[in-house]
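Student: I'd like to ask you about the structure that follows.
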Amino acid sequence: MKTTQYFEEQVLARRPYLQREWCEQAIRHPFYKETQADGRVRHWIFVDTIGKYLRVVTLEDRETVLNAFPDRNFKGPPL
């Protein structure tokens with residue numbers, strides 16, 4: 001899995017419970033995904049271990065992880 005320096009130094013330091021496998025799974029098999037206006041892509045997956053949806057944000061290449069965090073506001077895809 002490719003990651004940014006920001007992800008390695010900032011995100012993982014603030015959220016040590018994050019598992020790389022979760023991020024990889026979100027990218028490969030997202031429950032839902034959408035492209036932001038700046039070209040970055042948001043991928044969501046439900047993680048049973050934390051009981052929440054995890055949002056994984058990738059760069060425009062759709063594979064380099066920039067950020068990941070439990071998304072307490074995500075309720076599912078728009079209808």
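Student: Let's see if you can work this out: charge +1 on each Lys and Arg Cβ, -1 on each Asp and Glu Cβ, no other charges. What is the dipole magnitude of the chain about its Cα centre, in debye to the nearest 20?
Tutor: The calculation lands at about 280 debye.
Student: With a cut-off of at most 10 other beta carbons within 10 Å, and DSSP calling the residue loop, which trypsin sites (Lys or Arg not before Pro) in the chain qualify? Please list them.
Tutor: Arg72, Lys75
Student: Filter the GluC sites (Glu not before Pro) in the chain to those in DSSP coil with at most 16 other Cβ atoms within 10 Å of their Cβ, and list the result.
Tutor: Glu60, Glu63
Student: Let me check the size of the range 2-70 from its C-alpha atoms; what are the radius of gyration and Dmax in Å?
Tutor: Here Rg and the maximum Cα pair distance are 11.0, 31 Å.
Coordinate-derived values only; no laboratory data. Predicted model, so just to flag it, every value in this text is computed and none were measured. Don't worry about glycine lacking a Cβ; one is built from the backbone with ideal geometry, like all the others, and counts go over all protein chains shown.
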